[in-house]
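What follows draws every value from the coordinates through simple rules; no lab data is involved. A quick note: this is a predicted structure, and the numbers were derived from the prediction, not measured. No Cβ is skipped: glycine too gets one built from the backbone with ideal geometry, and neighbour counts run over all protein chains shown.
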Amino acid sequence: AEVAATVSVLRAAVATESVGRVVVTSWAGAVLPAPGTPESLTTYANEAAWADADAAAARGDGFTAAKIRSEAAAWALVRSLPAERRLAMVALCPALALGPLPTAGSASRGASKLVGDVLAGSEGSVAAAAATQGLATIVDVRDVAAAHVKAMETPHAAGQRFLLVGASMPWVALAAVLARG
């Protein structure tokens with residue numbers, strides 16, 4: 001469903017004369033090795049790297065699998081366009097975005113659920129596997145917002161992917177920080 005939605009939005013952008021640039025929000029998991037795997041401790045990753053969508057799906061990480069497939073479909077669509085209608089596309093691949101909530105009393109289901117799973121040690125979850133080994137890659141949500149603006153405003157960003165990571169720390173350390181409040 002997410003792949004179809006991404007392609008649908010891009011097709012609408014292509015059909016709109018005034019749209020010349022799009023920023024696709026992907027996910028650091030589309031670049032980085034799976035958390036909790038030996039590769040996550042030894043592999044250097046950069047924007048040229050692609051994670052394996054089938055492997056993500058096989059381990060039950062549908063979110064990451066969908067993000068990988070959606071970003072790949074977006075690049076394929078943009079590259080298939082005739083030169084006169086080709087969109088300038090930028091893909092941002094943020095790590096786990098943490099920061100202040102937008103309004104008092106609101107909650108983010110995605111990051112909050114993942115962090116809650118880590119704190120609770122939920123059996124069988126990706127978060128539980130990551131909590132036992134590996135690093136949490138995090139980024140401030142305000143930096144992610146600023147990166148979206150820069151991606152739209154910076155001409156030479158077109159055609160590139162950007163991995164957005166502010167810090168890395170062991171999941172256990174992140175859980176301890178979050179537990180302290």
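Can you give the extra length, in nm with one decimal, that the chain gains between Glu2 and Ala179 once fully stretched, where that is 0.36 nm per residue apart less the Cα-Cα distance? Walk me through the intermediate numbers first.
Working: separation 177, 0.36 × 177 = 63.72 nm, distance 3.25 nm.
Extending this stretch completely gives an extra 60.5 nm.
Tell me which residues come under 5 Å, amide H to amide H, from Ala136 once H is placed; ignore anything under 5 positions away on its chain.
Long-range HN contacts for Ala136: Met169, Trp171.
Each residue of the range 9-14 in order: what ³J(HN,Hα) in whole Hz does its phi give by Karplus 6.51 cos²θ - 1.76 cosθ + 1.60, θ = phi - 60°, with x for Gly and Pro?
Values, residue by residue: 5, 5, 5, 5, 5, 4 Hz.
Obtain the nm distance between the two label points defined at Thr16 and Glu39 by a simple spin-label model: each point lies 7 Å from its Cα along the Cα-to-C-beta direction.
3.6 nm
Could you check the spin-label model distance between Val172 and Val9? Points 7 Å from the Cα along Cα→Cβ, value in nm.
3.8 nm
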